[in-house]
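Below is one structure, written out as structure tokens, with a few remarks after it.
The values are calculated or read from the model by the stated rules, or taken from the named source; none is laboratory data. The model shown is predicted, which means the values in this text are computed figures rather than measured ones. As a convention, Cβ positions derive from the backbone with ideal geometry for all residues, glycine included, and neighbour counts pool all protein chains shown. When the accessible area is computed, the model is the full protein with side chains, heavy atoms only, and any ligands, DNA or RNA have been set aside. Shrake-Rupley method; radii C 1.70, N 1.55, O 1.52, S 1.80 Å.
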Amino acid sequence: MPGNVTNKNSWGPNTLIKQGAKLTATWEDVWEELPTAVRLALTPATRDESQTCKTASLFGESELPPHERKILKLLKTDEATHIDEIVELLRLDMSSPEIFAALFELELAGRVSR
């Protein structure tokens, strides 16, 4: 956050901004800044054809844990769903922490986004 240029406590943040500091809000922000060679080294190797044909689903939903599968069934690709609605719909099947953990795993896997 930029600060008043006359305040000595603002020197650090102002210097970082001047040097080109960027906001990092999610892991994707860090991923985008990594050099291509590093990203390629961290990306899993391409699977052979026998492994990729395990499931007929485009996203491999059969390989997902049951909690994540339940959440994905509720979501629509072209429509946002509020987390409170997900918790309300699944309150009999899952606890809130289980829902949050499953959503976090789905987000890390790139299957859902905020």
Does any residue of the range 23-32 turn out to be of a type in the set (Val, Ile, Thr), over 24 Å from PHE104 (Cβ atoms) and open to solvent by 80 Å² or more (accessible area, probe 1.4 Å)?
no
With the range 1-79 as the region, which helices (runs of 4 or more DSSP H) entirely inside it contain at least 2 residues that are modelled with pLDDT of 80 or more?
11-18, 27-33, 36-42, 66-74
